[in-house]
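Engineer: Below is one structure. I have some questions about it.
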Amino acid sequence: MLRQQRDLQTQVQMVVDAGLFGLSFYLAHALRQRVPFELFGGTREIFDFSYYFWLFALIVPVAPLVLRLSGFYRRPWLPSRWQTAGALARACGTMVVGLVVLLWLMRETLGIARSVLLYFGVISFGLVFLKEELLWRWRASRLGRQQLQRRLILVGTPEETRQVREEIRRDPSRQFEIAAEVNLNEEPVERLVELMHEHSPNGVIMAAQHTYFGQLEQAIAVCEREGVEVWVIADFFKPRISKTTVGLFQGRPVLVYRSVPASTWPLLAKQVLDFCGALVLLILTAPVMAIAALGIKLTSPGPVLFRQERCGLNGRPFTMLKFRSMVTDAEQRKHELEALNEMNGPVFKVTNDPRVTRWGRFLRKYSIDELPQLFNVLAGQMSLVGPRPLPVSEVKRFDDPAHRRRLSVKPGLTCLWQIRGRSDLRDFKEWVRLDLEYIDNWSLGLDLKILLLTIPVVLRGQGAR
């Protein structure tokens, strides 16, 4: 795992754990207040929680530091329960002992029931252990592995990539999968392009110390154009678009050439916004979705949902959901309308498409047919904001390889194309330009702006077909 990603995950864990320890202290106080039982003999009057708020404010920042000193954040990616319980027990015990010492030093001014400390130790252990158990199950689940596993292509001779292969094989986290290998001394750069299209990798590792610089430079340019991360175990080139950062891969220093947003707090906030926003929208639009589904059933024979293979992150196919707005044989009749295509390039768009049903035309006008894609957002296949996902067949017809860089981020429900032109755009190159403008200038504020501007566009049915 790259050091930057590992550090970010540790920081997130520390914030969550700090909150859980703070919650544990509050619950311990509330439990003692409702159950006035003193385990250590004697009684002690317990005041309102606001009296101990300064102690709460001390526990929150100290707890993650104690966990770090206990080795809690140095555990393997999928630790055993004993490893988790041992490190956590040491941290909770240290916290309780520290509070006992503080209580003794301030015995004249700190009126706190001693049983609160024991409750705090037990509750904090239970909450953090429960969090770790849920996280472990997520990482070990099929969906978790799909979301977390990264597919890699190795570039270099078998001798040069041998150490990398061995390190990946010995990695207990199983986060990395070698999808293919390319030897630039014997194969052209075009072979790397073919493998990227075939395997949809998350990154390319270049361990080619003895490969000609010209070949490596061509390979980096290819990956940069397609929006695929490049991890070079050397300091060779300065790309034109990608931002270069230094990381560690299995303890070895590498340069990362990245032309998409890196794993940072704003990007993590985007993922939280995607999940929470999709969940809220599903709840709010449930009545609308029910009416839409009923209308489809009553006005047109066939299934309620339309499923189609679309290209997701790095071009990896996924099944996108929509409310069916066309007749059931729409895909079979598509070739009959190809002469009417109004969009330049590989994308197919027709105004007043005869395959669209009367009810489907209404659903399309107000983008109601797109609502099932909120389930794709919850599954981590899409984002609320991002380039619109295209069918796999249309992506295969890209005539400019640089257009594939729009696949370097998750596809979204809405994008710059939606708010600036929507279906009025007829030039695919302009569509791609807007997508790349979004990728190159991405920020959390831009996402929020696009979401807000999408609302009036959808309500007016502006530019819909």
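Where a number appears in this text, it was derived from the coordinates with a stated rule and is not lab data. What you see is a predicted model; the values in this text were computed from it and never measured. Because the Cβ atoms are built from the backbone with ideal geometry, glycine has one as well, and the counts that use them run over all protein chains shown.
Engineer: Work out the FRET efficiency for Arg240 and Ala85 from their Cβ-Cβ distance, taking R0 = 35 Å, and round it to the nearest 0.05.
Structural biologist: Computed FRET efficiency for Arg240 and Ala85: 0.10.
Engineer: Taking a ≥ b ≥ c as the square roots of the eigenvalues of the Cα gyration tensor of the range 274-412, is the shape rounded (a/c under 1.5), prolate (a/b larger than b/c) or oblate?
Structural biologist: Taking the square roots of the gyration eigenvalues as a ≥ b ≥ c, the range 274-412 is oblate.
Engineer: Note down the nm distance, to one decimal, between modelled labels 7 Å out along Cα→Cβ at Arg361 and at Leu78.
Structural biologist: In this crude label model, Arg361 to Leu78 measures out at 5.4 nm.
Engineer: Further question: Please give me the summed charge of the neighbours of Glu331: other residues whose Cβ is under 12 Å from its Cβ, Lys and Arg +1, Asp and Glu -1.
Structural biologist: Once all neighbours under 12 Å are counted, the net charge is +2.
Engineer: Related question: Along the charge dipole of the range 341-465, which of Leu390, Asn352, Leu448 sits closest to the positive end, that is, farthest toward it, with unit charges on the beta carbon of Lys, Arg, Asp and Glu (+1, +1, -1, -1)?
Structural biologist: Asn352
Engineer: Another question, if that's okay. Tell me, what is the percent relative contact order of the chain, built from C-alpha pairs under 8 Å that lie six or more residues apart? List each step's numbers first, then the result.
Structural biologist: Numbers: 667 pairs, mean separation 55.3, N = 465.
Reported relative contact order: 12 percent.
Engineer: Could you give the length gained on full extension between Leu134 and Glu430, defined as 0.36 nm per residue of separation minus the Cα-Cα distance, in nm?
Structural biologist: In short, 102.1 nm is gained.
Engineer: Something else: Pop a pseudo-label 7 angstrom from the Cα along the beta-carbon direction at both Val288 and Leu452 and give the gap in nm to one decimal.
Structural biologist: Simple spin-label model gives 1.9 nm for this pair.
Engineer: Within the range 48-92, list the chymotrypsin sites (Phe, Trp or Tyr not before Pro) lying in a DSSP loop whose Cβ has at most 15 other Cβ atoms in a 10 Å radius.
Structural biologist: Of the chymotrypsin sites (Phe, Trp or Tyr not before Pro), the ones in loops of the range 48-92 whose Cβ has at most 15 other Cβ atoms within 10 Å are Trp77.
Engineer: Using modelled backbone amide H atoms (1.01 Å from N, in-plane), which distant-in-sequence or interchain residues come within less than 5 Å of Leu305's amide H?
Structural biologist: Arg324
Engineer: In addition: For the chain, what is the mean residue ellipticity at 222 nm derived from helices alone (per DSSP H run of n ≥ 4: -39500 (n - 2.57); sum divided by total residues; nearest 500 deg cm²/dmol)?
Structural biologist: Numbers: 16 runs with 232 residues, N = 465.
For the chain, the value works out to -16000 deg cm²/dmol.
Engineer: Rounded, prolate or oblate: which one fits the range 272-331, using the alpha carbon gyration tensor with axes a ≥ b ≥ c (rounded when a/c is under 1.5, else prolate when a/b beats b/c, else oblate)?
Structural biologist: oblate
Engineer: Charges only on Cβ, +1 for Lys and Arg, -1 for Asp and Glu: so what's the dipole of the chain about the Cα centre, in debye to the nearest 20? Walk me through the numbers before you get to the answer.
Structural biologist: Working: 61 positive and 45 negative charges, 224 e Å.
Here the size comes out at about 1080 debye.
Engineer: Please work out whether the range 150-258 counts as rounded, prolate or oblate from its C-alpha gyration tensor, where a ≥ b ≥ c are the square roots of the eigenvalues and a/c under 1.5 means rounded, while otherwise a/b larger than b/c means prolate and anything else oblate? Numbers along the way, then the final one.
Structural biologist: Values: a/c = 1.31, a/b = 1.20, b/c = 1.08.
Note, shape of the range 150-258 comes out rounded.
Engineer: Continuing with this model, one more query. Put a dot 7 Å past each Cα toward the Cβ at Asn185 and Glu309; how far apart are the dots in nm?
Structural biologist: Taking the simple label geometry, Glu309 and Asn185 are separated by 3.7 nm.
Engineer: Let me ask something additional. May I ask for the longest run of the chain untouched by GluC sites (Glu not before Pro) that are loop-located per DSSP and have at most 10 neighbouring C-beta atoms (other than their own) within 10 Å?
Structural biologist: Counting at most 10 other Cβ atoms within 10 Å as exposed, the longest clean stretch of the chain is 187-465.
Engineer: Next up: Over 30 Å between Cα atoms, which of Lys243/Lys410; Lys365/Lys429; Lys270/Lys322; Lys243/Lys322; Lys365/Lys449; Lys322/Lys396 qualify?
Structural biologist: Cα-Cα > 30 Å for Lys243/Lys322; rest within.
Engineer: Sticking with this one: Could you compute the net charge surrounding Phe375? Neighbours are other residues with a C-beta less than 13 Å from the C-beta of Phe375; K and R count +1, D and E count -1.
Structural biologist: 0
Engineer: For a quick check of your reading of the filter: which trypsin sites (Lys or Arg not before Pro) in the range 149-188 sit in a DSSP loop and have no more than 15 other Cβ atoms within 10 Å? Could the numbers behind the result be given before it?
Structural biologist: Values: sites: Arg150, Arg151, Arg162, Arg165, Arg169, Arg170, Arg174; in loops: Arg174.
Counting only loop positions with at most 15 other Cβ atoms within 10 Å, the trypsin sites (Lys or Arg not before Pro) in the range 149-188 are Arg174.
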